[in-house]
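Trainee: Once you've had a glance at the structure underneath, I'll fire off some questions.
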Amino acid sequence: AQFLQQWGDVATLQQPAASPLEQLSVLECSARVRDALAQLPEMQRRVLEMAYYKDLSQTEIAAELDAPLGTVKSWARKGLFGLRDALGTLVG
């Protein structure tokens, strides 16, 4: 994990500054992802947010939500499919 952090720091330093057009594109993509997340059913959204923003494992999410692990896995899978459908034009 420490190697990945160091590599990420080096990769970030070596990247040229983004142009205003690239910055706008990133902002637009971020807004679309937030909008797509907001459209998901509550539990699917919560599970994905906990996984990506809080860096929790599915086991930790299940414990925090007091839900069976299989249910959390199902919510995550359905949520990811929902995001894929909503963001299909972004990912190709």
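Trainee: Kindly indicate whether residue 17 is open to solvent by 60 Å² or more (accessible area, probe 1.4 Å) and modelled with pLDDT of 95 or more.
Mentor: Considered against the rule, which asks whether it is open to solvent by 60 Å² or more (accessible area, probe 1.4 Å) and modelled with pLDDT of 95 or more, residue 17 comes out as no.
Trainee: For a quick check of your reading of the model, give me the residue pairs whose first member lies in region 39-56 and is without any contact (Cβ under 8 Å) to a residue 12 or more places away in the chain and more than 10 Å from residue 76 (Cα to Cα), whose second is surrounded by 17 or more Cβ atoms within 10 Å (Cβ to Cβ) and not small (Gly, Ala, Ser), with beta-carbon atoms closer than 6 Å and at least 6 apart or on different chains.
Mentor: 56/50
Trainee: Among (1) among the charged types (D, E, K, R); (2) at pLDDT below 95; (3) closer than 29 Å to residue 88 by Cβ, which single condition is residue 9 missing?
Mentor: Failing condition for residue 9: (3).
Trainee: Name every residue in region 72-85 that is free of Cβ contacts under 8 Å to residues at least 40 places away in the same chain and either among the acidic types (Asp, Glu) or open to solvent by less than 50 Å² (accessible area, probe 1.4 Å) (or both), in order of residue number. Show your work before the answer.
Mentor: To start, the set of residues in region 72-85 that are free of Cβ contacts under 8 Å to residues at least 40 places away in the same chain comprises 72-81, 84-85.
Residues satisfying the conditions are 72, 74, 76, 79, 85.
Trainee: With the requirement that a residue be within 22 Å of residue 87 (Cα to Cα) and surrounded by 12 or more Cβ atoms within 10 Å (Cβ to Cβ), what does region 42-71 give you?
Mentor: 43, 44, 45, 46, 47, 48, 49, 50, 51
Trainee: Would you tally the residues in region 24-41 being open to solvent by 70 Å² or more (accessible area, probe 1.4 Å) and not charged (D, E, K, R)?
Mentor: Taking region 24-41 as the starting set, the residues that turn out to be open to solvent by 70 Å² or more (accessible area, probe 1.4 Å) are 24, 26-28, 32, 34-35, 39, 41.
Within this subset, residues satisfying the condition of being not charged (D, E, K, R) are 24, 26-27, 39, 41.
Qualifying residue count for the region: 5.
The values are calculated or read from the model by the stated rules, or taken from the named source; none is laboratory data. Worth saying up front: this structure is predicted, and the values here are computed from it rather than measured. Here the Cβ is made from the backbone with ideal geometry for all residues, glycine too, and neighbour counts use every protein chain on show. With ligands, DNA and RNA removed, areas are computed over all heavy atoms of the protein, side chains included. Shrake-Rupley method; radii C 1.70, N 1.55, O 1.52, S 1.80 Å.
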